[in-house]
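The values are calculated or read from the model by the stated rules, or taken from the named source; none is laboratory data. Being a predicted model, the structure only gives us computed values, none of them experimental. Note that each Cβ is placed from the backbone with ideal geometry, even for glycine, and that neighbours are counted across all protein chains shown. Accessible surface is based on the protein model in full, side chains and every heavy atom, while ligands, DNA and RNA are left aside. Shrake-Rupley method; radii C 1.70, N 1.55, O 1.52, S 1.80 Å.
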Amino acid sequence: MLIDWFTVAAQVINFLILLVLLKIFLFDKIKNAIDQREKNIQERFDKAEKQKQEAEQEYENYTQKSKALEDKWDAKLEEAEKEAKDRRNALVKEARQEVDGLKKSWQNALEKQKSSFFERFQKQAAHQIFDTVKKNLSFLADTDVQDQAVKKFLSRFQDLDKDKLPETLEEPPRISTGFELSEKQKKSIQKTLSEKRSDLQDIAFDVRPELIFGLALAAGGKKITWHAQNYLDALEKELDQAIESRDHESENQ
Amino acid sequence: MNFMDIKQISPDQVIFFQYQFISLNLTIVFTWVVMALLVIGSWLVTRRLSTGPKISSWQNILEILVTGIQDQISEISQQKAKRYMPFIGTLFIFIAACNLLTVVPGYESPTASLSTTAALAICVFISVPLFGIARKGVIGYLKQYIQPTVFMLPFNIMGELSRTLALAVRLFGNLMSGSKIVAILLAIIPFIFPVVMQLLGLLTGLIQAYIFAVLAMVYIASATQVQEHTDTKKNNNE
């Protein structure tokens with residue numbers, strides 16, 4: 001018979017013994033070793049993961065710090081730029097003010113020079129005109145210019161309304177001329193004035209070179225003039241206007 | 001040195017010691033030899049196991065073997081392998097060791113004895129209800145014999161017995177015939193061809209060990225999963 005039942009029983013027992021021995025010496029130990037290794041690996045992974053998270057956290061912190069520094073730097077830079085801009089504006093303003101001041105003082109100086117120039121020019125022109133007119137009148141009419149001036153003045157005075165004359169005279173009337181009057185002219189004046197109004201007597205005469213040519217009557221706080229000064233003032237104004245308009249044109253160009 | 005005659009089919013027939021029904025035959029002796037090799041080998045390797053990244057080659061081989069068996073069990077049973085690992089693992093390693101050692105001259109595989117294969121088949125036969133009862137309880141396990149109807153009870157019992165018989169005879173037949181064919185071929189063609197047959201025998205032996213272990217696992221898995229399938233069906237019907 002192929003089956004020996006004693007052998008079968010023995011083999012069953014042998015197999016069970018082998019099962020127990022292999023469980024003790026092989027399966028359990030190997031399984032434990034594998035589990036332990038997996039545990040170790042898992043621990044390493046966990047540790048690595050933890051370290052990674054820490055590193056990421058650190059990275060995040062450094063990134064934030066870096067960003068904060070960058071922001072701070074930007075703010076400082078912006079502040080510095082603003083400060084520099086303000087400073088530049090202040091300097092420009094200061095420079096402009098300085099330039100304006102210089103310009104003003106220059107303009108004042110120029111104005112003064114111009115005034116002084118026109119004053120001199122006025123005088124020179126007046127004298128020149130006076131001389132020319134005097135020469136021409138003398139030449140043309142064969143008469144004295146001063147005489148003509150006196151006549152002209154007296155003619156205007158006679159035409160003057162009495163309302164324009166002062167009501168009362170606290171001081172004696174005064175005739176100012178740019179030249180020395182002759183006795184004849186003085187008498188003629190006195191006569192004409194007293195004919196207009198009886199109280200216009202005892203006239204005081206004086207010479208004021210700035211009048212250049214012509215006469216001025218001062219009586220009771222009122223003045224009646226006819227002299228070259230008026231024409232020269234008008235001439236000065238016209239000259240001023242002409243010069244200013246020429247300056248404006250040159251500036252525009 | 002040959003213990004067996006060509007006419008002797010089973011190593012049971014080579015008896016060293018006999019006292020009444022107790023006999024010390026070649027099967028038992030070589031079984032002890034294999035057991036000793038396996039246990040001593042395991043002890044030698046596992047006494048200094050490394051849990052670090054560096055491991056010895058032998059430890060590596062054993063780990064591959066154990067995890068391979070574990071994966072196969074998990075795949076077949078769809079359950080945790082820990083419970084079945086010692087039984088199925090021991091079956092596979094013992095049968096494989098018995099079969100692979102046939103390359104050693106003079107060695108006679110214990111699995112070429114019908115007594116050994118019957119003993120292993122009986123172990124499986126007993127272990128199937130034990131695992132089934134442990135997992136599902138006595139009633140839960142016994143219910144599977146009357147599934148799908150009570151009329152299937154005799155067929156289920158016959159199936160249980162016949163598959164145990166098939167398990168025993170398949171392994172015995174393959175191993176015994178393999179060793180016999182080599183012995184016969186040695187007499188006819190003494191050169192080269194028997195070596196080829198020996199190599200083929202090694203492959204066959206390993207495959208038979210795998211088949212035996214896998215079938216044992218399938219039987220156990222069917223015993224432990226029947227109730228689960230029934231429950232699933234019930235749930236699905238509801």
**Asked** GNM, chain B, Cα, under 10 Å: largest mean-square fluctuation among B:193, B:131, B:92?
**Response** B:193
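Hey, with R₀ at 25 Å, roughly what FRET efficiency would residue A:230 and residue A:108 work out to, going by the Cβ-Cβ distance, to 0.05?
Values: r = 28 Å, r/R0 = 1.11.
After rounding to 0.05, the efficiency reads 0.35.
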**Request:** Treat each spin label as a single point 7 Å out from the Cα along the C-beta direction, and report the residue B:170 to residue A:125 distance in nm.
**Result:** 14.3
**Message:** List residues of the stretch B:31-64, by number, whose backbone nitrogen lies under 15 Å from a label position 7 Å along Cα→C-beta of residue B:206.
**Reply:** B:61-62, B:64
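What's the buried accessible area, both sides, between B and A using a 1.4 Å probe, rounded to 100 Å²? Mind dumping the intermediate values first?
Working: alone 14490 and 20390 Å², together 31480 Å².
The buried area between B and A, both sides summed, comes to about 3400 Å².
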**Prompt:** Residue by residue, what Karplus-based ³J(HN,Hα) values in Hz, rounded to whole numbers, does the stretch B:143-157 have, using 6.51, -1.76 and 1.60 with θ = phi - 60° and x for Gly and Pro?
**Reply:** 4, 5, 6, 10, 9, x, 10, 5, 5, 7, 3, x, 5, 5, 5
**Request:** Take the alpha-carbon centre of the stretch A:1-53, take the same for the stretch B:96-164, and report the distance between them in whole Å.
**Result:** 22
**Prompt:** Any idea what angle helix B:193-237 forms with the longest principal axis of chain B, computed on alpha-carbon atoms, 0 to 90 degrees, nearest 10?
**Reply:** 10
**Asked** At what distance in nm do the modelled label points of residue A:93 and residue B:142 sit from each other, each positioned 7 Å from its Cα along Cα→Cβ?
**Response** 11.0
**Whole-Å semi-axes of the ellipsoid equivalent to the stretch B:11-237 (Cα gyration tensor, √5λ, descending)** = 35, 25, 17
**Request:** Any chance you could run the full-extension gain for residue A:248 through residue A:47? It's 0.36 nm times the residue separation minus the Cα-Cα distance, nm to one decimal.
**Result:** 63.5 nm
**Fill in**
Residues meeting the amide H criterion for residue B:25 (H placed from the backbone, H to H distance under 5 Å, 5 or more places apart or on another chain) are B:16
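Using 0.36 nm per residue of separation minus the Cα-Cα distance, give me the extension gain between residue A:186 and residue A:155 in nm, one decimal.
Values: separation 31, 0.36 × 31 = 11.16 nm, distance 1.48 nm.
Here the segment from residue A:186 to residue A:155 would lengthen by 9.7 nm.
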**Residue mean of other protein chain beta carbons inside 10 Å, A:46-53** = 0
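Can you send over the carbon and sulfur percentage of the accessible area for the protein assembly as shown, probe radius 1.4 Å, protein chains only? Mind showing how you got there, number by number?
Working: 18660 of 31480 Å².
Carbon-and-sulfur percentage of accessible area, whole number: 59.
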**Message:** Suppose each label sits 7 Å from its Cα in the direction of the beta carbon; what would the residue A:84-residue A:72 distance come out to in nanometres?
**Reply:** 2.2
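Which FRET efficiency value, to the nearest 0.05, do you get for residue B:160 and residue A:17 by plugging their Cβ-Cβ distance into 1/(1 + (r/R0)^6) with R0 = 30 Å?
0.70
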**Request:** Please go through the residue pairs A:39/B:54; A:112/A:151; A:112/A:222; A:31/B:54 and name each one whose alpha carbons sit more than 26 Å apart in this structure.
**Result:** A:112/A:151; A:112/A:222
**Message:** What FRET efficiency comes out for residue A:115 versus residue A:195 if R0 is 35 angstrom and r is the Cβ-Cβ distance? Round to the nearest 0.05.
**Reply:** 0.25
**Complete:** Under the helix-only model (-39500 (n - 2.57) for each DSSP H run of 4 or more, divided by the residues of the protein assembly as shown), the mean residue ellipticity at 222 nm, to 500 deg cm²/dmol, is -26500 deg cm²/dmol
**Accessible surface of residue B:145 - all protein chains present, 1.4 Å probe, nearest 10 Å²** = 40
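Provide the net charge surrounding residue B:42, with neighbours chosen by a C-beta distance below 15 Å and charges set as Lys +1, Arg +1, Asp -1, Glu -1.
Working: positive: A:23, A:29, A:31, B:47, B:48; negative: A:28, B:63.
Its environment carries a net charge of +3.
Taking 8 Å as the Cα distance limit and 6 or more residues as the minimum spacing, I'd like the relative contact order of chain B as a percentage. Can you show the working numbers first?
Values: 224 pairs, mean separation 61.2, N = 238.
Relative contact order here is 26 percent.
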